[in-house]
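The values are calculated or read from the model by the stated rules, or taken from the named source; none is laboratory data. These figures come from a predicted structure and were not determined experimentally. When we count neighbours, we look across all protein chains shown, and the Cβ atoms used for this are built from the backbone with ideal geometry, even at glycine.
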Amino acid sequence: MSGAILYHFPFDPASRIARLALAEARIEYTETLVRPWEPDCPLGQMNPSGMPPVLRLDDGRGRSLTLCELGPILGWIEDEQKGPLLLPRDPTERAEARRLTAWFERRFSEDVNAVLLHERLEKPLLRLGPPEARALRDGRAALKEHLLILEGLAGSRDRLAGRNLSQADLVAAAHLSVLDYFGEITWANWPSLKDWYVKMKSRPSFRSLLADRFQGLAPAAWYADLDF
C-alpha cells in the first residue's frame, strides 16, 4: 500500500493504540482528526458505527481498503509484517496478549473509561455540565482495582504479556495515557507499573501522544516527562 490515512480522535484510547501500532511497525500515514459526535463527521460514511479509528489504504493502482476500528487495524498491521511484531511468536505469550487486549476492550473500558472519561472528557466536549463527584469516586475506585492487577503483572514480568513487547503493552499504555493526561493515576502508589510505563512512554512511537493537548485543559505536570 502506497498511502495510508488514519482518521482518529487524539484522546480516544483505540485511536491512540492504532497510532502506537502503526509507529511501531514503521508504517507511514497521514492523519485526519475527527470529532465523532458531530453530525458532519466523515466517519459516518466509512464506518457504520461512526467510531474511530478508521484506516484507509491505497495501493496507488486504484485499489483501496478501509479498516474500521481497532481489531482489523491491528490484524492488518500484523499480517503486513515479515515476522511477529504485536503478537509474540511464543503461543503462551500470544494468548496472554490477546487476553489482556480483550480485558481492556471490555472490562477496563466499561468499569473505568465509561465513567472517568465520560466525566473528564466527554462532558466538556458535549457541554453536559461539570463532573459529578459520585461518578468520579466510583470511576476512581474501579481504576484502583485494575491498577492493582496491572501492578502485579508489571512486577512479575518484563512486559505485560511475558518477555516480549506485544499489543497488550500498547493497549494498556494507550488507555493509561489518556487517564494520565487528566492526572487520574497516582504513580507513586504503583512503582512496578510506573517503571513499565516509563519504558513505554520513552519509546519513539509514544512521542506524538505526549504532544496531544486537550482544548482548554493542560495535562498533568508529569504527562510528557520521560523521567517523572
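So here's what we get for this one:
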item	result
Residue within the stretch 74-82 that is in a loop (DSSP other than H, G, I, E, B) and closer than 28 Å to A161 by Cα present	yes
Some residue of the stretch 144-165 being within 15 Å of P13 (Cα to Cα), out of contact with any Cys (no Cβ under 6 Å at 6 or more places or on another chain) and either part of a helix (DSSP H, G or I) or assigned by TED's automatic domain parsing to the domain that holds A18 (or both)	no
Conditions (1) in the same structural domain as R159 (by TED's automatic domain parsing); (2) without any contact (Cβ under 8 Å) to a residue 12 or more places away in the chain; (3) not in a helix (DSSP H, G or I); number of the one not met by K123	(3)
Selection from the stretch 1-23 of residues that are among the aromatic types (F, W, Y) and part of a loop (DSSP other than H, G, I, E, B)	F9, F11
Residue selected from the stretch 173-193 under the condition outside any loop (DSSP other than H, G, I, E, B) and among the hydroxyl-bearing types (S, T, Y), by the criterion farthest from G155 (Cα to Cα)	Y181
From the options R61, R99, R89, R26, residue that is charged (D, E, K, R), out of contact with any Lys or Arg (no Cβ under 6 Å at 6 or more places or on another chain), surrounded by fewer than 17 Cβ atoms within 10 Å (Cβ to Cβ) and at positive phi	R26
Which numbered condition N113 misses (of (1) surrounded by 15 or more Cβ atoms within 10 Å (Cβ to Cβ); (2) in contact with a Pro (Cβ under 7 Å, 6 or more places away or on another chain); (3) more than 16 Å from A173 (Cα to Cα))	(3)
Options L210, L176: the member that is among the hydrophobic types (A, V, I, L, M, F, W, C) and more than 23 Å from E105 (Cβ to Cβ)	L210
